[in-house]
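Report on one structure; see the data block that follows.
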Amino acid sequence: MNNELSAIEKTVLSDYKYGFVTEIEADEAPPGLNEDTIRFISAKKNEPEWMLEWRLKAYNHWLKMQEPSWANIKYDAINYQDIKYYSAPKQKKKVNSLDEIDPELRKTFEKLGISLDEQKRLSGVAIDAVIDSVSIGTTFKEQLAELGIIFCSISEAIQEHPELVKKYIGSVVPITDNYFSALNSAVFSDGSFCYIPKGVRCPMELSTYFRINAEGTGQFERTLLIADEGSYVSYLEGCTAPIRDENQLHAAVVELIAMENAEIKYSTVQNWYPGDKDGVGGIYNFVTKRGICQGAHSKISWTQVETGSSITWKYPSVILKGDHSVGEFYSVAVTNNHQQADTGTKMMHLGKNTRSRIVSKGISAGVSNNSYRGLVHVGKNAANARNFSQCDSLLLGDKCGAHTFPYIEVKNNTAVVEHEATTSKIGEDQIFYCNQRGIDTETAVALIINGFAKEVMNQLPMEFAVEAQKLLAISLEGSVG
Amino acid sequence: MNNLEYIKERYNQLPSINDLNGLGVIRQKAFEALNKMGIPTTRHEEWKYTRIGSFFNKEYQYQANQSTVSANELSAVRLPGYEQANEMVYINGRYSPELSVIRSKGLTIQPLQEAARNEYKDIVSKHLGHSSNYLKDGIMALSTAFVQDGVFVHVKKGQIIEHPIYIYNITDARQANVLAQPRTLVYVGENAQVKFVETFNTLGTQESFTNRVIEIVVEKDAITEYYKIQTDASHASQVATTHIQQIGKSYTHTVTVSLNAGLVRNNLNIVLDEQYCEAHLYGIYLQQGQSHIDNHTVVDHAKPHCESNELYKGMLDDQSTGVFNGKIFVRQDAQKTNAYQSNKNILLAEGASVNTKPQLEIFADDVKCSHGCTIGRLDDESLFYLRSRGISESTARSLLLHGFAVDILEQIKLAPIREYVDKLISERLEFDLA
């Protein structure tokens, strides 16, 4: 079992050392977006007609839409004709790229490597690795199949389980939802698909590992996760990308569906390349994530640690449709240097006795901007809905910004909604206390930040918690003192 | 008719710009801005929950005939303690010197047109329309474009105006729909102290829409208190913009009371533009029927060592809707800022709803900022506690709700006005003060 896992690990990590050996020319679409690109992708994937139609419908809708500008982020306009929309893993030109990069960044990757080693040691994690939008392999497939769990790439699912895909794709995030989700629907090339049958408790953590590899590509993956009645699944998602001077677009869509009594726990550690110290390069992470608690007593929990990307724009949301359903959102968003994050959640209370909890911790350093933007909506029929939100911001340095935009809409008088937020910096007395006990300032800051983020970190599965804590320390290295 | 076209037509009917000297330029600019932006719709972020477009599809009298309001009619709306107070009366948005009474020394009140030409012209040109920089929407521009009988209030340096200034906005909607646009610029000189109380009353049964703008400039060491009490009829709607610019280290205290009307939008903007300023903002809203109350506040911490404190409380009954949007900006320079904000709402009936958005935008690190908001119903346990002591349910409810309102009532420092507002609220809550 461990051997299998390490094979995947190797594939995932190999970018830094070996690169991939696959055909080069044939597996890449030329840059640009038009109907032909979509037909090309669809043909590449050998997709059925309905899928192609769905994509084209999304594309035609996308053409009519305007790129949103309401978020508290700034970036140069994206030229959608410059992006390559399909790229299968291919051999990298620079084989020893790791040796040629900035040693400071290499150190970072070494540190990351350790954390992946950590994962290697912990067995029992099924991984679907997606590189440049193409799934390169899924582990533990057979073992999961015995329980009736389907865990595979979405292209495979379209071939083998079209009835499920057809039924659920776009049911939570419709193609008309927003600009980036429409784009994703038109051009997504791969992603993960997961179906947990009735009454099954998934025995292991399911995991997807995303990686942008090729130059000039955008990554558009699509994740669809269905937890049938009474089932449980914990799903992990990790992402990395190589260092480049250009900005790459990552526009993913994740859809979760929880039936009666089902529970989905979705954890993300997002560590796309954040750009260098001067804000050159980095990933634009424009992601639509949404789950629906379809049945009564269902639960969806989002946990995210956002340390990477030059721009993060994502709002993992829960539609609480079933009575007594529960939505949770735990987030730590760290921005340093020139990073920008506009992230938060939406909790749409529709069913009776629904509950939601939001804990968001923002940490800004350097000249970065970190925004929390959330919506708590209690519909007319959502009797006894309950929400508690807490949004804390920590400012490290006097040039960064922390912003909070909580929208609260309540249309039912039996609802109880609370929101609180604070913004402050690390107290000098706290640092002094640590210094006094022989802890240097940088360690003290790491200690305090970890304490600040602990409430969220505790929600992560153990495999990720270790990695996430280290990431926090790396992201903020050198930002104090 | 396209509502903007209609407004343009009205604008062109105004006396020619050349007659107005310095004001002409400001008006022309505002009119251009209005043309560009139009009347805000719900697509505009600041107007997401409040629709005012329909008010501009109606025929209004923009330039209502001068006062048909008699002294008797005025006395019916007078506030307690008026015997000593200074009284400023606006009829359909135009200042009426005949009905106004100015008693205090050191207080100069004159038409904006005049002030724009005499010794105050620098103040007027510097501060009039200043708030339009902060409210980038058409409604403010609309007011500025139609500045005609605006008023300039000057409080002399070092003068303590002991008795409050009562501002009565009377809309005479007995014959036709009226659009009133009262406009006031207040300048509080160094080390001066002044208190304002403003009310709104509509006569008659036709619809009235008030787009009122008041700009208050507060100098060094000055203290300004401002109470806005809104108890108008349900066919009366308004957008009220209060812009306070604290240009010297100063203290301001505002209480916004909104008890009725069709649609009320209160924009309260406070700019803390010098070190060591202090601003306190309080508000209470108690709505019923189909009414809509929208409180938008902006506290802009532009300089270090300032403090702001904000508390808004609301009770929403029947099908009423409440909106609260509180923004706190802390600019990069504004280190050592303390800013607090809180919004609490009680929904009393099934159809009532509330949309709240307490917003923080912080660019300085050495600050203490917090905000909080709650939405809920009356606490069952408290109700049970009172009922178990033999208090009827309705009494228990009004007792608790009155208790909820007391925090804000206490912030009205003028005793007669506090009692007056308390009485209004108690009546509404069927709470027996005795």
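The values are calculated or read from the model by the stated rules, or taken from the named source; none is laboratory data. Values in this document were obtained by computation on a predicted structure and should not be read as measured data. As a convention, Cβ positions derive from the backbone with ideal geometry for all residues, glycine included, and neighbour counts pool all protein chains shown.
Annotations
- In the range A:27-67, the residues that are touching a strand residue (DSSP E or B) at 6+ places or on another chain (Cβ under 9 Å), charged (D, E, K, R) and in a loop (DSSP other than H, G, I, E, B): A:Asp27, A:Lys45
- Flag for A:Ser207 being at pLDDT 80 or above and either assigned to a loop (DSSP other than H, G, I, E, B) or at negative phi (or both): no
- Options A:Ala385, A:Ala365, A:Ala402: the member that is under 15 Å from B:Gly376 (Cβ atoms), of a type outside the set (S, T, N, Q) and buried (at least 22 other Cβ atoms within 10 Å of the Cβ): A:Ala385
- If you go through the range B:236-259 and keep only what is within 22 Å of B:Leu79 (Cβ to Cβ) and assigned to a loop (DSSP other than H, G, I, E, B), you end up with just B:Leu259.
- The residues of the range A:353-373 that are in contact with a Ser or Thr (Cβ under 9 Å, 6 or more places away or on another chain) and either more than 26 Å from A:Gly279 (Cβ to Cβ) or of a type in the set (A, V, I, L, M) (or both), listed by number, are A:Asn353, A:Thr354, A:Arg355, A:Ser356, A:Arg357, A:Ile358, A:Val359, A:Ile363, A:Ala365.
- Residue within the range A:427-443 that is polar (S, T, N, Q), over 30 Å from A:Gly308 (Cβ atoms), surrounded by fewer than 17 Cβ atoms within 10 Å (Cβ to Cβ) and more than 12 Å from chain B (Cβ to nearest Cβ) present: yes
- Taken over the range A:458-475, the residue count meeting the criterion of being at pLDDT 70 or above and touching a strand residue (DSSP E or B) at 6+ places or on another chain (Cβ under 8 Å) is 9.
- Any hit, the range A:413-421, residues being within 14 Å of chain B (Cβ to nearest Cβ), crowded, with 21+ Cβ neighbours inside 10 Å, in contact (Cβ under 8 Å) with a residue 60 or more places away in the chain and not aromatic (Phe, Trp, Tyr): yes
- Here the range B:409-422 is the region considered, the condition is being part of a helix (DSSP H, G or I) and out of contact with any Leu (no Cβ under 7 Å at 6 or more places or on another chain), and the residue that is surrounded by the most Cβ atoms within 10 Å (Cβ to Cβ) is B:Leu409.
- Residue within the range B:200-207 that is out of contact with any Asp or Glu (no Cβ under 7 Å at 6 or more places or on another chain), surrounded by 21 or more Cβ atoms within 10 Å (Cβ to Cβ) and hydroxyl-bearing (Ser, Thr, Tyr) present: no
- Any chance B:Ser320 is within 14 Å of chain A (Cβ to nearest Cβ), hydroxyl-bearing (Ser, Thr, Tyr), over 30 Å from A:Ala365 (Cβ atoms) and in contact (Cβ under 8 Å) with a residue 12 or more places away in the chain: yes
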